[in-house]
Structures are given as C-alpha cells and as structure tokens.
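Worksheet for the structure shown next.
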Amino acid sequence: HMRGKVGDMDAIKEACDRHGATLLEDCAHSLGVYWKGTHTGHVGRVSAISSQSYKMINSGEGGFLLTDDPEVAAMCAVYAGAYEGLAGKHVTVPGPEVFGDMPTKIPNYSLRMSNLAAAVIRPQILTLDERAAKYNERYAKVTAALEEKLGDYLSIPVNTPGMKPVHDSLQWNFSENVSEEQIQMFLKECAEHGLPVELFGHKSNARNFINWGFAPADDPLPQTGAMLKRACDVRLPLMWDDEDFDEMVSVLVESFEAVLAKSEE
C-alpha cells in the first residue's frame, strides 16, 4: 500500500489465490486506511506496520507485524529475540507447542521494540481517526484549489471504490501537454521556494522500479515507466497550520506558471 491508499484488495487476493502466491501486506503507509469497512492488513497472511518518521504513528524508528498465523507469529517472535524461553514473555504469541525447536534453528536478530518506543506509540493510536479526518479535510481543499487553477495540466488520482483513505500526502500526474523538461523546471522552481516535490520516476527515487536491483523487472514495463515520469508527490505535514496549505497551493501554482512563462520566451 502506498501514500494512504490501497488498490482493489479483492482482485489482488483473487490473483494471489489463482497463482498460489502468499499475500503479504506492507501497511507502512496505510495505518488508518480501510478497505470495504475493514482496516488494511486483514486480507493477507501477514501485515507490517511502520512507526518510522512521517508515518501515522511515529516513534522515530520501528514497527510491528500482525498475523493470525501461529507459525508466522512464532517465527517472528524468535527472530525478534525470544531465546532461552523468553518467548513466553510476549503477550500475543502462540503456545510453546508451536515454537518447537525454532529457537535453535532460527537466528535471533534482537529486533524487539523497546518499552520507550511502545510508550510513545500507544497514545498516538487513540488519535488515529482524528488525525485521518484532519488530513482528508486538508487534502480536499488543496486538491480542489489545484484542479481549479491547474486542471488543464495535471490530474489527481481517483480513489479506488471501496477504500477509505488517509491523505497524508498529495500525488498528481502531469498531462501529456507538459514536457519532461517543463516538469524538471517545475521541480526546481518549487525547491527554490522551499517546497520539496518528488518525481516518482526520478532515477534516485526509491519507489521507481528501475532502482530495485534486488528485484529487477524481467520486462521493461514501458507504460509504468512513462507514468512515473509524470507522477509527482508532496507531503501534507500534520503539524502545519491551515494557512500553510494555502501557501503550498500558491507555490505549486506560481512555480508552474513561471515554467509556462519561461517556455513562451
């Protein structure tokens, strides 16, 4: 899942079942997001939540794993550091019969969450719905302003039917009438105004599949590559005041207008 949004989880699950693939949900970006009334992370065999900076819950670094699978839960506990019988101190692990000889066959990486990180996280969970509503309200205002002023040059993705999102960031795709050179000029203009805007298709962007040396694509995926070259991303910081988002819209619009003016010279 990415940037507070999810795809069609019914179709994804059906495809996994059809091909005999295990579905794992990366929910680092989807805490507070629902699919057909159920929180993300409940369709796959395992889901992972992040509490790293910029996430919906923030302990600086860290995260946790969720599963109803006893074997996976036991393995996770051992990897996290449940040696010499310490697995029994975990609150939500399965019984000792599931662990068997795992502690002697699986390495201990000492990845247990600290009490300090957990203490920082727990109060934030109570305010998830409140913060999600605030994100979505601001997102609606920003997107409405951008579509009114730049609608001829960009499009904002439509939410997947059945999804309840958390819009903690903004994405859009530039239209075909905007050149790649103009997009680069726009990014530079925004940066000079103090607003970092990312291009998903940039050669240094970790979300660009061409940078995944650990999982190289067998095919060049030209349609995906072309889309990423026009897909932009900017964060909507929770701690900003409402007036700051008016300034954000102004920077985005004025930066693009400056690009258009330069292109006509």
Per 5 angstrom bin, beginning at 0 and ending with the bin that holds the maximum distance, the Cα pairs of the range 156-265 fall in percents of 2, 10, 18, 20, 18, 16, 9, 4, 1, 0
Expected unfolding gain across ARG122-SER155 under the 0.36 nm per residue rule, minus the alpha-carbon gap, is 8.1 nm
Cα extents of the range 77-123 along the principal axes, largest first, in whole Å, come to 36, 20, 12
Rounded to a whole %, the carbon-and-sulfur portion of the accessible area of the chain at a 1.4 Å probe is 54
Taking only the alpha-carbon positions of the range 26-175 as identical scatterers, the Debye log10 I(q)/I(0) at q = 0.16 Å⁻¹ comes out as -0.96
Taking N as the number of residues in the range 213-265, the ratio of its alpha carbon radius of gyration to 2.2 N^0.38 Å works out to 1.74
Measure of exposure for GLU254: accessible area at 1.4 Å probe, Å² rounded to 10, is 100
Taking r as the C-beta separation of ARG45 and ILE210 and R0 as 30 Å, the FRET efficiency to the nearest 0.05 is 0.55
The value for the range 102-183 (convex hull of the alpha-carbon atoms, volume per residue, Å³) is 240
For 73-79, 188-194, ranked highest to lowest by mean beta-carbon neighbours within 10 Å, the order is 73-79, 188-194
Over all viewing directions the Cα convex hull of the range 166-209 casts an average projected area in nm² of 4.1
Here the Kirkwood hydrodynamic radius of the chain, Cα-based and in Å, equals 21.1
Mean accessible area per residue over the range 64-127 (1.4 angstrom probe, all protein chains present, square angstrom) is 70
A chain fully extended from HIS19 to LEU221 at 0.36 nm per residue, minus the present Cα-Cα distance, gains in nm 70.7 nm
With all protein chains present and a 1.4 Å probe, the order of ARG3, ARG112, ARG18 from largest accessible area down is ARG18, ARG112, ARG3
Over the range 186-255, with neighbouring protein chains present, the accessible area per residue in Å² at probe 1.4 Å is 61
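The values are calculated or read from the model by the stated rules, or taken from the named source; none is laboratory data. It should be emphasised that the depicted structure is a prediction, and the values quoted were computed from it without experimental measurement. Every residue, glycine as well, gets a Cβ built from its backbone with ideal geometry; the counts of neighbours run over all protein chains shown. Side chains are part of the model used for accessible areas, which takes the heavy atoms of the whole protein and leaves out ligands, DNA and RNA. Shrake-Rupley method; radii C 1.70, N 1.55, O 1.52, S 1.80 Å.
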